[in-house]
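The values are calculated or read from the model by the stated rules, or taken from the named source; none is laboratory data. What you see is a predicted model, and the numbers here were worked out from it, not measured in a lab. Glycine also receives a Cβ, built like all others from the backbone with ideal geometry; neighbour counts cover every protein chain displayed.
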């Protein structure tokens, strides 16, 4: 496996991981008003493969955030108990948006490295073409 | 004299080194959000070149075993010493620094290819071809 192929593999794994993260974030955001929804979090792991000689990044298990669900006062809600409260989701939109911005930034960085490896290999091919 | 031209060897080693460096940077960028990941680096080509005859402890990128992917595991990467960008989860990758180093690797690669191409045209001219 050439260095450029390694580089492209690793960058592609980074792109995949970041887009998986973004997907979970958008799930969280869209379920921000779902009663009883627990926000999902994912962890990134380095998956070293000695055979390929690279350390691509992989998405680990999805885990649920077990923070306290928000208590919302709305007596007219069908799920409301005797005191007029029901459990909403534990999604904090501000955290999700900040996380999404970070994911986007990392995604762009990976894309840049991918593009760079591609340019380097194409300039190598240019040498053959002359 | 024409059996083994040093300028081609050097240009080749330089391009290979730039490729390896770029792959390592891509790996760092892909793992920029992996908890506990420590950024890795290669010694600079200048240092490697300076230590080629001195028998120093520097790993060399100029041996045949270091060809593109021929001998995996020969990548003598080292851990980056700079921990000033360490985040609370133990990740020491700084995207900005990696971008800078990526551009550096790309320029080194282009320089090596330019040297190679120029030496090739000198050789062609000496053979009476254009």
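See the values below:
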item	result
Search result, residues across segment A:21-54 that are touching a strand residue (DSSP E or B) at 6+ places or on another chain (Cβ under 7 Å) and within 7 Å of chain B (Cβ to nearest Cβ)	A:43, A:44, A:45, A:46
Where a residue in segment A:31-46 is closer than 12 Å to residue A:79 by Cβ and its partner, wherever it lies, is outside any strand (DSSP E or B), with Cβ under 6 Å and at least six apart	A:34/A:89; A:35/A:79; A:35/A:88
Which numbered condition residue A:72 fails, given (1) in contact (Cβ under 8 Å) with a residue 12 or more places away in the chain; (2) part of a helix (DSSP H, G or I); (3) over 26 Å from residue B:37 (Cβ atoms)	(2)
Any hit, segment A:100-115, residues being in contact with a strand residue (DSSP E or B) (Cβ under 7 Å, 6 or more places away or on another chain) and surrounded by 15 or more Cβ atoms within 10 Å (Cβ to Cβ)	no
Test: residue in segment B:65-74 that is at pLDDT 85 or above, within 14 Å of chain A (Cβ to nearest Cβ) and not in a helix (DSSP H, G or I)	no
Test: residue in segment A:26-49 that is within 28 Å of residue B:98 (Cβ to Cβ) and more than 18 Å from the chain's Cα centre (by Cα)	yes
Segment A:10-20, residues that are out of contact with any strand residue (DSSP E or B) (no Cβ under 6 Å at 6 or more places or on another chain) and more than 7 Å from every other protein chain (Cβ to nearest Cβ)	A:12, A:15, A:16, A:18, A:19
Residue check for residue A:20: part of a helix (DSSP H, G or I), under 21 Å from residue A:111 (Cα atoms) and out of contact with any helix residue (DSSP H, G or I) (no Cβ under 9 Å at 6 or more places or on another chain)	yes
Segment B:24-39 - residue that is in a loop (DSSP other than H, G, I, E, B) and at the interface with chain A (Cβ under 7 Å from one of its Cβ atoms) and, of those, farthest from residue A:102 (Cα to Cα)	B:37
Among (1) farther than 30 Å from residue B:106 by Cα; (2) touching a residue at least 24 places away in the same chain (Cβ under 8 Å); (3) within 14 Å of chain B (Cβ to nearest Cβ), the one test that residue A:60 misses	(2)
Residue check for residue A:95: more than 10 Å from every other protein chain (Cβ to nearest Cβ), at negative phi and modelled with pLDDT under 90	no
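Matching residues to (1) at pLDDT 95 or above; (2) outside any loop (DSSP other than H, G, I, E, B); (3) under 13 Å from the mean Cα position of the chain (by Cα):
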{"residue": "A:67", "(1), (2), (3)": "no, no, no"}
{"residue": "A:76", "(1), (2), (3)": "no, no, no"}
{"residue": "A:80", "(1), (2), (3)": "no, no, no"}
{"residue": "A:99", "(1), (2), (3)": "no, yes, yes"}
{"residue": "A:102", "(1), (2), (3)": "no, yes, yes"}
{"residue": "A:105", "(1), (2), (3)": "no, yes, yes"}
{"residue": "A:116", "(1), (2), (3)": "no, yes, no"}
